[in-house]
1. Could you tell me which of B:G37, B:F6, B:Q75 has its Cα farthest along the dipole of region B:1-88 towards the positive end, charges placed at Cβ (Lys, Arg +1; Asp, Glu -1), taken about the Cα centre?
2. Give me D for chain A in µm² s⁻¹, whole number, from Stokes-Einstein with Rh from the Kirkwood sum over alpha-carbon pairs, 20 °C and 1.002 mPa s.
3. Post the alpha-carbon centroid distance, region B:198-219 to region B:1-60, in whole angstrom.
4. Please compute the Kirkwood hydrodynamic radius over region B:1-117, one decimal place, Å, based on all pairs of different Cα atoms.
5. What angle do you read, to the nearest 10 degrees and between 0 and 90, between the alpha-carbon axis of helix A:263-275 and the longest principal axis of chain A?
6. Between 0 and 90 degrees, rounded to the nearest ten: what's the tilt of helix A:230-249 against the longest Cα principal axis of chain A?
7. Which chymotrypsin sites (Phe, Trp or Tyr not before Pro) in region B:1-70 sit in a loop by DSSP (not H, G, I, E or B) and have at most 11 other Cβ atoms within 10 Å of their own Cβ?
8. Taking the label point as lying 7 angstrom from Cα along the Cα-to-Cβ axis, what are the distances from A:S23 to the corresponding position in the remaining copies, in ascending order and in nanometres?
2 protein chains.
Amino acid sequence: MSTSPFIVAIDWGTSSFRLWLMSRDGTVLAEHRSHEGMSEVAERGFEPVLESHLQILEAPHNLPVVICGMAGSRQGWVEAGYIDTPADLTMIGQNATIVADAARRIIIIPGLAARTLSAPDVMRGEETQLLGAHFEMPRANRHCMPGTHSKWVSMDGATVSGFETFMTGELFAAISTKTILVHSTGGSGEVDANDPAFLTGVRDGWTRPEKTTHHLFSIRAGHLLYNHGPDENRARLSGLLIGTELAGAGVRGGEQIGLVASGELQRLYHAALSECGVNARIIDADVAVRRGLMESWHQFSNTSGDRKQA
Amino acid sequence: MSTSPFIVAIDWGTSSFRLWLMSRDGTVLAEHRSHEGMSEVAERGFEPVLESHLQILEAPHNLPVVICGMAGSRQGWVEAGYIDTPADLTMIGQNATIVADAARRIIIIPGLAARTLSAPDVMRGEETQLLGAHFEMPRANRHCMPGTHSKWVSMDGATVSGFETFMTGELFAAISTKTILVHSTGGSGEVDANDPAFLTGVRDGWTRPEKTTHHLFSIRAGHLLYNHGPDENRARLSGLLIGTELAGAGVRGGEQIGLVASGELQRLYHAALSECGVNARIIDADVAVRRGLMESWHQFSNTSGDRKQA
């Protein structure tokens, strides 16, 4: 086990900041997590926030920093562009954008774009997770990446042939807090993946997705007429939206997919996929993004000749 | 044309108050509209708000008041209960709740409940519109009543055999103002029913409702990749949600329905239904609710013997 720092790997999203100090063999030497996501950091500036973390870590001045996520968006630190699908993930590192005026070597990984006119799509951050997931499960044809904006990705070897984003997580938040359902889904505890209301919701969303916007209101009516409680109602809401996503992704019983997730979402999606007869192999989301950041750095440094420096 | 006041008819919703002073033959002698809906009035009290309007109108003390809408909910003035489906609309007036401690004769019309265990549903206010709509279009088998919570109602003569609520209007508001789409759908102008983005959205929602939560995110991606503008994006969002509702309601080309609506929603739903080959006959929503309130009063007074008083 190596203890010498090799890179600083960062997943810098809209609402979260996650940093790992890593050795050459992928050992995590230190980890920082905070809510200093893009939205919060925009005013303070990205570099001061990054440097404050690196100072705490006493990170050497020549230690390279690899960043993925919304820090590379137009509203982020430096726009890192998109690679169009079909996109070879072994090329994302060498297409990274170098932060030009920074005091140290910092690169930001580009996102991916699906430029289909009828339903265009983008990802930023997940491409790096996918690169890592590919190493964990190289023969997978599909990956499911649950989240605020869940991604369903079709793979052809290390190439992303296409992907679709579903607004599932953000819809759950908006519907449970900003609509009439706030009165029926109050509270904020985790949803229990074994709750029958969750699994019935999954099945209803999967088999009758056209009824979902009706079933949502029905949660309110079930509260009024049968006094269904908030935990049950939150579970049904979550199940309905995830089931609808599975219908949209066209999952079939017997299919094998990679599930890139951790925590509550890993439990909920694993249970939902099982309910639909899908065999999901779990790839921890944190493991995937760290591996992807490390691999991206190798791709970059192999191309730019930086590897010997590092 | 009669000019002698016969009843005060009120549609008292969550966020709006609409009052009509009406003669026996249905002529509108005066109209008041305000934002004094249930949410705003709860603190001030319902009776003071009502009396302030009646004083301006110089309404005689013995003039009866007929109310439908959320004022009859548990959080409203006096809970007016529900009639279960199948529900005979010719009975809603005689099942009205009398406001016991009011200084004048005030009745509140009950709502309807569909007590199906798998997807229960409720309405409150629309039952009165439906009664009016039934007089306008007595042979309709189905009515579509667009709104914050759109209702699709199956009729058997004057009996509501079943109904389903879709959260379409509330989802439009929540998604366009409380999610990432706020950056892509800014502004608040009316959606143009002839906008190709609206009609394409309707068709996508109707034919592929399982893809709707993906198509929502795609609006964001279309903004980022192709710089699609806010009006176009709002139109597509509206079309997707209405089209999904039409899929959930199971509309078929060639079907004839009653469309109980006015204003922007009347235009949008008429265009959407036409796009799906449905022949919708428009029933003005205000006409319907006034007619329903008048008929409810007749039902009530015929039963209670109040008619001769009035």
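1. Toward the positive end, the furthest listed residue is B:F6.
2. Taking Rh from Cα pairs, D becomes 105 µm²/s.
3. 40
4. Over region B:1-117, the inverse of the mean reciprocal pair distance is 14.8 Å.
5. 50
6. Between helix and principal axis, roughly 70 degrees.
7. Filter output for region B:1-70: empty list.
8. 9.4
Each reported figure results from applying straightforward, stated rules to the coordinates on display, with no laboratory input. Being a predicted model, the structure only gives us computed values, none of them experimental. Cβ: placed from backbone, ideal geometry, glycine included. Neighbour counts: every protein chain shown.
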